1. In sequence order, what are the phi-derived ³J(HN,Hα) couplings for the stretch 56-68 according to the Karplus relation 6.51 cos²θ - 1.76 cosθ + 1.60 with θ = phi - 60°, rounded to whole Hz, with x for glycine and proline?
2. For the stretch 139-190, which chymotrypsin sites (Phe, Trp or Tyr not before Pro) are both in a DSSP coil and crowded by at most 13 other Cβ atoms within 10 Å?
3. Residue by residue through the stretch 176-188, what is 3J(HN,Hα) from phi via Karplus (6.51 cos²θ - 1.76 cosθ + 1.60, θ = phi - 60°)? Round to whole Hz and write x for glycine and proline.
4. Cα centroids of the stretch 111-132 and the stretch 179-211: how far apart, whole angstrom?
5. Cα-based Rg of the stretch 46-175 per 2.2 N^0.38 Å, rounded to two decimals?
Amino acid sequence: TGSSTSACSPVRDPLDWLKLPADYGVVLLVFVVLQYLLLVGFTFAFRRLAVRLEIPHAERLSLIALLLLPAFLSHGYVYDYSTLFLWTLLLLMLAEQRFLLYLAVVALAALNKETALLIPLIWLTYGWTLRRPRLYWGMLVAQTAIVVACWGLIAWVFRNNGGGLFEFNLPVHLATYQAAPLAIGLVIASMIAVVLLSYPVAPALLRSTLL
């Protein structure tokens with residue numbers, strides 16, 4: 001019996017590490033496949049967005065973006081790749097001015113993660129540059145209503161779950177910053193530098209995201 005319990009398995013070991021029951025093997029497999037598909041979708045959406053915005057070396061940039069992902073996804077939340085793909089797809093739909101598809105992706109992004117509450121802010125600045133007042137206000141109201149409705153639906157469905165409607169994570173982030181202040185400072189400084197250097201030459205859509 002000792003040899004049987006110590007035997008290694010390419011499926012059982014990850015399941016033990018994740019503390020999941022053995023019958024979650026299929027669920028885990030579907031989850032992993034879905035994550036890889038989201039990465040593929042992100043790469044293609046990123047490349048198409050770069051081409052649409054006439055950014056040079058679109059293919060190389062898409063591969064570089066893919067290779068740099070591990071540096072920004074250290075915690076590994078289950079919604080990371082879906083958020084990355086959906087937000088990139090959002091920008092692509094805006095760049096191509098496919099507004100109905102954009103609203104559909106807004107709904108998916110809102111169901112995926114609560115940060116979709118920030119999506120209307122992109123349109124708030126970018127939509128104004130299109131100089132189409134009726135479209136601007138209509139889209140602003142529509143996507144705001146979609147985000148609020150999706151958030152309200154999720155809150156209602158899970159109304160019996162423990163906890164509040166919001167999480168206040170600022171103390172957690174501050175503790176992380178205090179643990180490695182130099183590294184965090186360099187990251188923040190780099191982000192500010194990228195924004196300041198790229199803003200004057202960036203397309204209008206990307207300037208809206210930088211704001």
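Since every read-out is calculated from the coordinates, none of them should be taken as a lab result. Computed from a prediction, not measured in an experiment: that's the story for all the values here. FYI the Cβ positions are ideal-geometry reconstructions off the backbone, even for glycines, and counts take in every protein chain you see.
1. Coupling constants for the stretch 56-68: x, 6, 4, 5, 5, 5, 5, 6, 5, 4, 5, 5, 7 Hz.
2. Hits after loop and neighbour filter: Phe158, Phe166, Phe168.
3. Those phi angles translate into 5, 5, 5, 6, 9, x, 5, 5, 5, x, 5, 5, 5 Hz.
4. 19 Å
5. On the way: Rg = 16.8 Å, N = 130, 2.2 N^0.38 = 14.0 Å.
In units of the globular-protein estimate, the stretch 46-175 measures up at 1.20.
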